[in-house]
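Below is one structure, written out as C-alpha coordinates; comments come after it.
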Amino acid sequence: MILATALSLTMIGVASAEGARFRIEDPLPDELKGRIAALIRSERPRDADAALAAARIRDNGLWREGAPLLLRIETGCHGDLCMVMIGKVTNQAIIPQLTLGAGPTVSVSDELVELWGIRSTSFIFEGHGGTKIDVWGRRGDQGDSWIADACGSCFSASEPSLKPDLLPPPSDNSPD
(Lines give C-alpha, C1' and ligand atoms only; values in the text may rest on other atoms or scores of the structure.)
Protein backbone atom coordinates (compact mmCIF):
# COMPACT_ATOMS: atom_id res chain seq x y z
CA MET A 1 0.00 0.00 0.00
CA ILE A 2 2.77 2.43 0.89
CA LEU A 3 4.51 1.64 -2.37
CA ALA A 4 1.24 2.18 -4.25
CA THR A 5 0.91 5.60 -2.64
CA ALA A 6 4.46 6.58 -3.49
CA LEU A 7 4.12 5.33 -7.02
CA SER A 8 0.83 7.08 -7.58
CA LEU A 9 2.26 10.38 -6.43
CA THR A 10 5.35 10.15 -8.60
CA MET A 11 6.53 9.60 -12.10
CA ILE A 12 8.45 6.34 -12.11
CA GLY A 13 12.05 6.54 -13.29
CA VAL A 14 13.80 3.45 -14.58
CA ALA A 15 17.38 4.43 -13.81
CA SER A 16 16.93 6.76 -10.87
CA ALA A 17 14.45 7.63 -8.17
CA GLU A 18 11.98 10.35 -8.91
CA GLY A 19 9.38 11.98 -6.78
CA ALA A 20 6.56 14.41 -6.44
CA ARG A 21 5.96 17.50 -4.36
CA PHE A 22 2.40 18.46 -3.41
CA ARG A 23 0.33 20.35 -0.86
CA ILE A 24 -2.27 18.91 1.51
CA GLU A 25 -5.03 21.29 0.48
CA ASP A 26 -8.01 19.38 -0.96
CA PRO A 27 -11.47 19.73 0.63
CA LEU A 28 -12.96 16.78 2.48
CA PRO A 29 -15.01 14.47 0.29
CA ASP A 30 -18.54 13.90 1.57
CA GLU A 31 -17.89 10.19 2.10
CA LEU A 32 -15.14 10.97 4.67
CA LYS A 33 -16.72 13.86 6.58
CA GLY A 34 -18.40 11.71 9.25
CA ARG A 35 -15.29 9.61 9.91
CA ILE A 36 -13.03 12.69 9.98
CA ALA A 37 -15.48 14.47 12.32
CA ALA A 38 -15.34 11.51 14.74
CA LEU A 39 -11.54 11.48 14.60
CA ILE A 40 -11.30 15.23 15.20
CA ARG A 41 -13.76 15.07 18.14
CA SER A 42 -11.47 12.46 19.68
CA GLU A 43 -8.17 14.22 18.93
CA ARG A 44 -9.25 17.87 19.43
CA PRO A 45 -12.32 17.93 21.68
CA ARG A 46 -11.96 21.61 22.66
CA ASP A 47 -11.95 23.00 19.11
CA ALA A 48 -13.56 20.18 17.11
CA ASP A 49 -15.94 22.38 15.10
CA ALA A 50 -13.22 24.85 14.07
CA ALA A 51 -10.81 21.98 13.35
CA LEU A 52 -13.35 20.19 11.14
CA ALA A 53 -14.01 23.41 9.21
CA ALA A 54 -10.25 23.79 8.68
CA ALA A 55 -9.55 20.16 7.70
CA ARG A 56 -7.89 19.43 4.35
CA ILE A 57 -6.62 16.20 2.80
CA ARG A 58 -4.45 15.04 -0.06
CA ASP A 59 -7.20 13.55 -2.21
CA ASN A 60 -5.53 11.38 -4.79
CA GLY A 61 -8.28 8.80 -4.18
CA LEU A 62 -5.88 6.04 -3.17
CA TRP A 63 -7.12 6.05 0.44
CA ARG A 64 -10.14 4.22 -1.04
CA GLU A 65 -7.76 1.37 -1.93
CA GLY A 66 -6.01 1.14 1.44
CA ALA A 67 -3.28 3.74 0.94
CA PRO A 68 -2.65 6.19 3.79
CA LEU A 69 -4.75 9.34 4.12
CA LEU A 70 -2.92 12.63 4.72
CA LEU A 71 -5.08 14.98 6.84
CA ARG A 72 -4.11 18.54 7.80
CA ILE A 73 -5.98 20.72 10.32
CA GLU A 74 -5.33 24.38 9.51
CA THR A 75 -6.36 25.94 12.83
CA GLY A 76 -4.51 26.11 16.13
CA CYS A 77 -1.26 26.15 14.18
CA HIS A 78 2.12 27.49 15.24
CA GLY A 79 3.01 29.64 12.26
CA ASP A 80 2.72 27.40 9.22
CA LEU A 81 3.08 24.23 11.29
CA CYS A 82 -0.32 22.61 11.71
CA MET A 83 -1.56 19.26 12.94
CA VAL A 84 -0.95 16.68 10.20
CA MET A 85 -2.18 13.13 10.60
CA ILE A 86 -1.40 10.06 8.58
CA GLY A 87 -4.25 7.62 8.93
CA LYS A 88 -5.75 4.42 7.65
CA VAL A 89 -9.30 4.66 6.30
CA THR A 90 -11.67 1.81 7.20
CA ASN A 91 -15.40 1.49 6.56
CA GLN A 92 -16.11 2.62 10.14
CA ALA A 93 -13.34 5.05 11.04
CA ILE A 94 -10.04 6.69 10.29
CA ILE A 95 -7.33 5.14 12.42
CA PRO A 96 -4.55 7.65 13.15
CA GLN A 97 -1.11 6.14 12.65
CA LEU A 98 1.11 9.22 13.08
CA THR A 99 0.45 12.83 14.12
CA LEU A 100 2.97 15.62 13.73
CA GLY A 101 3.22 19.39 13.36
CA ALA A 102 4.24 20.19 9.79
CA GLY A 103 3.87 22.61 6.92
CA PRO A 104 1.47 22.01 4.03
CA THR A 105 3.97 20.71 1.47
CA VAL A 106 5.08 17.09 1.22
CA SER A 107 7.67 15.44 -1.02
CA VAL A 108 7.39 11.74 -1.77
CA SER A 109 9.94 9.56 -3.49
CA ASP A 110 9.25 6.40 -5.45
CA GLU A 111 12.50 4.94 -4.16
CA LEU A 112 12.17 2.17 -1.59
CA VAL A 113 14.91 1.99 1.04
CA GLU A 114 15.49 -0.87 3.44
CA LEU A 115 15.09 0.54 6.93
CA TRP A 116 15.71 -1.89 9.78
CA GLY A 117 14.85 -4.85 7.59
CA ILE A 118 11.65 -3.48 6.00
CA ARG A 119 11.40 -1.79 2.62
CA SER A 120 10.18 1.75 3.28
CA THR A 121 9.34 4.92 1.39
CA SER A 122 10.01 8.47 2.47
CA PHE A 123 7.49 11.29 2.91
CA ILE A 124 9.29 14.57 3.65
CA PHE A 125 7.23 17.23 5.46
CA GLU A 126 8.28 20.86 5.90
CA GLY A 127 9.26 22.15 9.31
CA HIS A 128 10.44 25.55 10.66
CA GLY A 129 13.22 27.54 9.00
CA GLY A 130 14.07 25.06 6.27
CA THR A 131 14.09 22.03 8.53
CA LYS A 132 12.15 19.00 7.46
CA ILE A 133 10.64 15.91 8.97
CA ASP A 134 11.35 12.68 7.15
CA VAL A 135 8.58 10.14 7.74
CA TRP A 136 9.19 6.58 6.61
CA GLY A 137 6.17 4.50 5.69
CA ARG A 138 6.77 0.81 6.30
CA ARG A 139 4.69 -2.26 5.57
CA GLY A 140 5.69 -5.25 7.66
CA ASP A 141 4.19 -8.53 8.79
CA GLN A 142 2.30 -6.71 11.56
CA GLY A 143 0.82 -4.06 9.22
CA ASP A 144 1.75 -0.46 8.51
CA SER A 145 4.06 1.51 10.75
CA TRP A 146 5.71 4.91 10.55
CA ILE A 147 9.07 6.25 11.68
CA ALA A 148 9.77 10.00 11.90
CA ASP A 149 13.22 11.61 11.71
CA ALA A 150 14.04 15.26 12.28
CA CYS A 151 16.37 16.05 9.41
CA GLY A 152 17.53 19.55 8.64
CA SER A 153 19.24 18.33 5.46
CA CYS A 154 16.65 15.92 4.09
CA PHE A 155 16.54 15.54 0.36
CA SER A 156 14.30 13.70 -2.04
CA ALA A 157 14.25 12.85 -5.70
CA SER A 158 11.70 15.60 -6.26
CA GLU A 159 14.23 18.18 -5.10
CA PRO A 160 17.02 17.85 -7.71
CA SER A 161 19.00 20.74 -6.24
CA LEU A 162 19.70 18.73 -3.09
CA LYS A 163 22.09 15.89 -3.85
CA PRO A 164 23.31 13.45 -1.17
CA ASP A 165 26.97 14.10 -1.98
CA LEU A 166 26.48 17.84 -1.34
CA LEU A 167 25.11 17.37 2.17
CA PRO A 168 27.39 17.91 5.15
CA PRO A 169 28.66 14.70 6.75
CA PRO A 170 26.86 13.58 9.92
CA SER A 171 28.48 14.78 13.12
CA ASP A 172 30.14 12.24 15.36
CA ASN A 173 28.85 12.90 18.86
CA SER A 174 29.82 9.50 20.20
CA PRO A 175 31.95 9.31 23.34
CA ASP A 176 35.61 8.31 22.88
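The values are calculated or read from the model by the stated rules, or taken from the named source; none is laboratory data. It should be emphasised that the depicted structure is a prediction, and the values quoted were computed from it without experimental measurement. Glycine also receives a Cβ, built like all others from the backbone with ideal geometry; neighbour counts cover every protein chain displayed. What goes into the accessible areas is simple: the full protein's heavy atoms, side chains included, and nothing from ligands, DNA or RNA. Shrake-Rupley method; radii C 1.70, N 1.55, O 1.52, S 1.80 Å.
List of remarks:
- Spacing of the two label points (7 Å from each Cα toward its C-beta) at residue 33 and residue 50, in nm: 2.2
- Taking a point 7 Å out from the Cα of residue 91 in the direction of its Cβ, the residues of region 25-50 whose backbone N falls within less than 20 Å of it are 30-39.
- Heavy-atom accessible area ranking, 1.4 Å probe, most first, across 86, 133: 133, 86
- Sorted largest first by accessible area at a 1.4 angstrom probe radius, with every protein chain in place, the residues 108, 89 fall in the order 89, 108.
- Sequence-ordered 3J(HN,Hα) estimates for region 25-30 from the Karplus curve with 6.51, -1.76 and 1.60 and θ = phi - 60° stand at 8, 7, x, 6, x, 3 Hz, glycine and proline given as x.
- Heavy atoms of residue 128: accessible area, 1.4 Å probe, square angstrom to 10: 110
- Of the listed residues 39, 112, the order by accessible area with a 1.4 Å probe, largest first, is 112, 39.
- A Förster radius of 30 Å, combined with the Cβ-Cβ distance separating residue 115 from residue 42, puts the computed FRET efficiency at roughly 0.50.
- Using θ = phi - 60° and Karplus 6.51 cos²θ - 1.76 cosθ + 1.60, couplings along region 49-66 (whole Hz; Gly, Pro as x): 5, 5, 5, 5, 5, 9, 7, 9, 10, 9, 9, 8, x, 6, 4, 5, 9, x
- Sparse-neighbour loop sites [trypsin sites (Lys or Arg not before Pro); region 30-67; at most 16 other C-beta within 10 Å; DSSP]: 46
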